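Worksheet: the structure to be examined is printed underneath.
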Amino acid sequence: MIFENILHRPIRTLVSVLAVAIEVGMVMLVVGMTHGMLHETAKRVEGVGADIMVQPPGASLFLGLTQAPMPVQVGDRLAELPHVLAVTPVLLFLNTRGGINLIYGIDMPTFKEVSGGFTYLKGGPFEHPYDMLVDDWYARSNNVKVGETINLLNNKFRVSGIVEHGMGARIFIPLSTAQELTGAHDKASIFYIKCTDPGYTQAVITSIKQLLPTHQIHSTKEYMSLMTSNDLPALNAFISAMITVAVGIGFMVIFLSMYTTITERTREIGILKSLGAGKRYIIGVILREASLLSILGVVLGYAGTWLARKVIVATFPTLTVELTIHWALWAGLLAIGGSLLGAFYPAIRAARLDPVDSLAYE
Amino acid sequence: MGSIFLAGTEEAAREVSQIGCMEPIISTENLTKTYRVGKVDVPALRGVDLVVQEGEFLAVVGPSGCGKSTLLHVLGGLTRPSGGRVLVDGNDFRGMNDAQRTKFRRHKIGFVFQRYNLLPTLTARHNIAIAQHIQGDGFNPHRFETVAEMLGIKDKLDRKPYALSGGEQQRVAIARAVVCEPKLLLADEPTGNLDTENSQLVLSMLRNLNRDFRQTILMITHNPEAASVADRLIRMRDGQIVSD
């Protein structure tokens, strides 16, 4: 009977299934994009190759939001600490033109000491103050070529090289140029520190804490572990809000769908009651129908999400959409749970219908 | 009632002869039912006394609004009586709640309605089988086949109600009503929507069910021809039985 009922009203079924699919897709894509962005950012920071990061007091884990109040000279003092191999200052800022891009202002020689240097896919390092490097993902998504001029912070930059992705940012300019453009002379937002051996990381952190007690000092491993939505309350709230909206959509559509179904099928419910169907049977019929609709929606949602990911990644190559089995299961469970909740009141209402009135319903 | 699948009329006749010694299947005393319409109480049954023995075929006639359908609904446990005593197959409805009456209906009562009341999304086969499903004893293919054959609908089982004529739909409805071997078959104007030919066919099937299988039938009708098929005729007026 459940299958027949679903096939009997194809438009209603389609709308309900689509709503659940959108719910599933919304949950998976929001979580996937958020987690993807976090993990991708963290991996790029790890890709710099440093063991320790030093940020000013109160700086955000989102590096692009960090101010630049640290004098570059701090780096010289850090470099004198035992077991420190290299220190490189980086000035970070966001370019919001043509999308949000994190830009690293780097001191090429020390950055090379810490990171081991860029892998150039095309072109080479900076030759002039207004040269820039972009990574291959940025170059592909923006169709950028070596020698091309790009407008950055109202200044024209020449692309001197395209480097392999995964080294902190997607755009790099010389540190001195970055300081000049942002008015942060002799300042840096972050110091990346390479130890003589990774085993000295904790010892070096202890030394830095004595030198700069109020600064934020993280080992790269610690930073990686902190880059989850659980450690970023605002992001967690955003994800929760989006999930609530998604589940709410599914809940309301299934509620309305089943509510109209009950009204439409009042007479059929009366027939079932005349045959001796009890409240539990009637509730079971409604909930099974809602379950089937939501399962179909979940399956369509999974397929739609997979397709949407393909389209997003093809359209915006710099975006990372991280789809996991864990969140796929959660999205499915939330959709089915929300649908059952939405169908519960209509089911109770159907079970309480008076059989005589139901049989007389036109 | 014995099984509706008793073979041979001799055995059935022997059982019919025992009717007098058995407990009545229906017994009502001063049965009343009052509906509340807005702020007004509308009495539908005003003290009905009725005794029906097992195996009887009873027709209830009377003008519209005389309480026939209400009597059928009360006897089928679809609605609670307002007063008096109702015993159906030994079960006193006064002490039964909605869930108990539903369970009783599931196992003891079969309904046939004027408008057939088949589930439009299901085939004839599933419309009949759903009664067995609701009863909870599982699908009984032997019983199903026998009923379908008896009512002449074997070749229509895979059709949905919209693809069946009125007479065929009513036969499916009868099959659904008797497939679980109810103690009592309650028919509410079963020929009300049928032409003469189909009416005759449905009535003869009800007659056969009663004669061959001792199915107790209480049938409400406006149609004197339909009423004449029954063994016993009861007339109602203004919520009371005026002749028996």
query = Which residue, chosen from B:VAL40, B:LEU185, A:HIS215, occupies the Cα position most advanced towards the positive end of the dipole of the protein assembly as shown, where the dipole is computed from +1 (Lys, Arg) and -1 (Asp, Glu) charges on Cβ about the Cα centre?
reply = B:VAL40
key: B:MET150 accessible area, assembled protein chains, probe 1.4 Å, Å²   = 60
Exercise: per-residue mean of other protein chain Cβ atoms within 10 Å, A:268-274 = 6
remark   = Checking rank on A:303-312, B:188-197, with mean other Cβ inside 10 Å and highest first, the result is B:188-197, A:303-312
remark   = Counting sequence-distant residues (5 or more places) and residues on other chains, those with an amide H built under 5 Å from that of A:VAL72 are A:LYS187, A:ALA188
ask   = In terms of modelled amide H atoms, which long-range or inter-chain residues lie less than 5 Å from the amide H of B:VAL179?
value = none
remark   = Among B:ARG46, B:ARG176, B:ARG214, the residue with the largest mean-square fluctuation in a Gaussian network model of chain B built from Cα contacts under 10 Å is B:ARG46
key: Using alpha-carbon coordinates, inclination of helix B:98-108 to the longest axis of chain B, degrees   = 50
ask   = Based on the mean of other beta carbon atoms within 10 Å per residue, what is the order of B:227-236, A:331-340, most packed first?
value = A:331-340, B:227-236
remark   = Once amide hydrogens are built 1.01 Å from N within the peptide plane, the residues lying 5 or more places from B:PHE57 or on another chain with amide H under 5 Å from its amide H are B:ILE217, B:ASP231, B:ARG232
message = Only protein chains counted, 1.4 angstrom probe. Which residues of region B:63-89 are at least 50 Å² less accessible in the assembly than when their chain is isolated?
response = B:LEU78
task = For n ≥ 4 DSSP H runs only, could you compute -39500 (n - 2.57) per run for chain B, divide by its residues and tell me the 222 nm figure to the nearest 500?
result = -10500 deg cm²/dmol
Spin-label pair B:ASP92/A:LYS156, simplified geometry with 7 Å Cα→Cβ offset, distance in nm = 10.4
message = I want to check the label-to-label distance for B:ARG36 and B:ARG159. Put each point 7 Å from Cα in the C-beta direction and report it in nm to one decimal.
response = 4.6
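Report, in deg cm²/dmol and to the nearest 500, the calculated mean residue ellipticity at 222 nm for chain A, where each DSSP H run with n ≥ 4 adds -39500 (n - 2.57) and the sum is divided by the residue count.
So the calculated ellipticity at 222 nm is -18500 deg cm²/dmol.
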inquiry  = With just the Cα atoms defining each centre, how far is region B:146-176 from region B:61-117? Give it in Å.
reply    = 25
ask   = If we count every other residue with Cβ under 10 angstrom of B:HIS222's Cβ, Lys/Arg +1 and Asp/Glu -1, where does the sum land?
value = 0
query = Cross-link partners among lysines for A:LYS43, C-alpha distance below 30 Å, same-chain residues fewer than 8 apart left out?
reply = A:LYS112, A:LYS122, A:LYS145, A:LYS156, A:LYS187, A:LYS194, A:LYS209, A:LYS221, A:LYS310
task = At a probe radius of 1.4 Å, figure out the A/B buried accessible area, summed over both chains, and give it in Å² to the nearest 100.
result = 2000
message = Could you tell me the relative contact order of region B:92-244? Use alpha-carbon pairs under 8 Å, at least six residues apart, and round to a whole percent.
response = 26
query = From a point 7 Å beyond the Cα of A:LYS43 in the direction of its Cβ, which residues of region A:156-175 have a backbone N at a distance under 13 Å?
reply = A:165-168
request  = Quick one: among B:GLY76, B:GLY47, B:GLY38, which has the greatest mean-square fluctuation in a GNM of chain B with alpha-carbon springs under 10 angstrom?
outcome  = B:GLY38
task = Enter the mean number of other protein chain beta carbons within 10 Å of the beta carbon of each residue in B:119-127, as an integer.
result = 4
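What do you reckon, how do A:ILE269, A:ILE283 stack up by accessible area (1.4 Å probe), largest on top?
Largest accessible area first, the list is A:ILE283, A:ILE269.
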query = Relative to the longest principal Cα axis of chain A, at what angle does helix A:201-211 sit, 0 to 90 degrees, rounded to 10?
reply = 70
remark   = When the charge dipole of chain A is computed with +1 at the Cβ of Lys and Arg and -1 at the Cβ of Asp and Glu, the Cα pointing farthest to the positive end, of A:ASN155, A:ILE100, A:VAL298, is that of A:VAL298
request  = Return the single residue from A:ARG352, A:ARG170, A:ARG12 with maximal mean-square fluctuation; model: Gaussian network over chain A, springs between Cα atoms under 10 Å.
outcome  = A:ARG352
task = Can you grab the distance from the C-alpha centre of region A:319-362 to the C-alpha centre of region A:77-93, Å, no decimals?
result = 57
ask   = Distance from the Cα centre of region A:115-183 to that of region A:242-286, in angstrom?
value = 59
ask   = When the accessible area of chain A is computed with all protein chains present and a 1.4 Å probe, what percentage of it is carbon and sulfur?
value = 63
Per-residue mean of C-beta atoms belonging to partner chains within 10 Å, peptide B:94-103 = 2
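The values are calculated or read from the model by the stated rules, or taken from the named source; none is laboratory data. Model, not experiment: these values are computed from the prediction. Positions of Cβ are generated from backbone atoms using ideal geometry, with glycine treated the same way; all protein chains shown enter the neighbour counts. For the accessible areas, the whole protein counts, side chains as well, though only heavy atoms, and no ligand, DNA or RNA atoms are used. Shrake-Rupley method; radii C 1.70, N 1.55, O 1.52, S 1.80 Å.
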